1. At a 10 Å Cβ-Cβ cut-off, how would you order I57, I66, fewest neighbours first?
2. Determine the sum of side-chain charges near R31: Lys and Arg each +1, Asp and Glu each -1, restricted to other residues whose C-beta is under 11 angstrom from that of R31.
3. Among residues other than D16 whose Cβ falls under 10 Å from its Cβ, what is the net charge (Lys/Arg +1, Asp/Glu -1)?
4. Nothing charged except the Cβ atoms of Lys and Arg (+1) and of Asp and Glu (-1): what's the magnitude of the dipole of the stretch 8-110 about its Cα centre? Round to the nearest 20 debye.
5. Name the lysines eligible as straight-distance cross-link partners of K7: C-alpha to C-alpha under 23 Å, and not fewer than 8 places from it in the same chain.
6. How many nm separate the modelled label positions at N37 and S110, each set 7 Å beyond the Cα in the direction of the Cβ?
7. Between Y22 and Y97, with labels modelled 7 Å along Cα→Cβ, what's the label distance in nm to one decimal, could you check?
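Only the coordinates and a few stated rules stand behind these numbers; no lab work does. Nothing here was measured: the structure is a model prediction, and the numbers come from that model. Counting neighbours? That spans all protein chains shown, and the Cβs are built from the backbone with ideal geometry, glycine included.
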Amino acid sequence: MSGTLNKVMLIGHLGDDVKMHYFEGGNSLGRFPLATNETYVNRQTGERVTNTEWHNIVVRNKAAEICEKYLSKGDKIYVEGRIKTRQWQGEDGNTRYSTEIQVTDFTFLSEKRENSDSNYSQAAPSPSPESGAPKNDPAPPQDTGEDDDLPF
């Protein structure tokens, strides 16, 4: 195989709210930390051990605005993207590095909170059958007995 692949898939929890940065021309950038956990049992002690890995997530433009609107600290999300390492000079003159996940696709995995100010859906909730609300199901079509000349 002569090609290369730079693809990351993560499921984790937000470590903080989405921080937005706006640029001239209308572009925007959203950043947030994402925690993924690995849990195992230590064979010598029988103790349950959890290791947390932190990832720097970067989302751009409309996707960033959607994340800012609907996500908050602790929410669970699936992100897909690629690894990107940035390099810059710090104020002390030392070279600094940062590894980020540049998101290309994402899916919210946390359930909507009923009493939350952020509303995931603009539509009114449909009544559930348990609520006793009347159903507006249309009546089944009536057979008129007419032949409509269809071969099937």
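1. Arranged by neighbour count, lowest to highest, I57, I66 become I66, I57.
2. On the way: positive: K19, R60; negative: D16, D17, E68, E100.
Its environment carries a net charge of -2.
3. Details: positive: K19, R31, K73; negative: D17.
Summing Lys/Arg as +1 and Asp/Glu as -1 gives +2.
4. Working: 13 positive and 14 negative charges, 35 e Å.
The dipole of the stretch 8-110 has a size of about 160 debye.
5. K7 reaches K62, K76, K84.
6. Going by the 7 Å Cα→Cβ label model, 1.5 nm.
7. Calculated label separation equals 3.5 nm.
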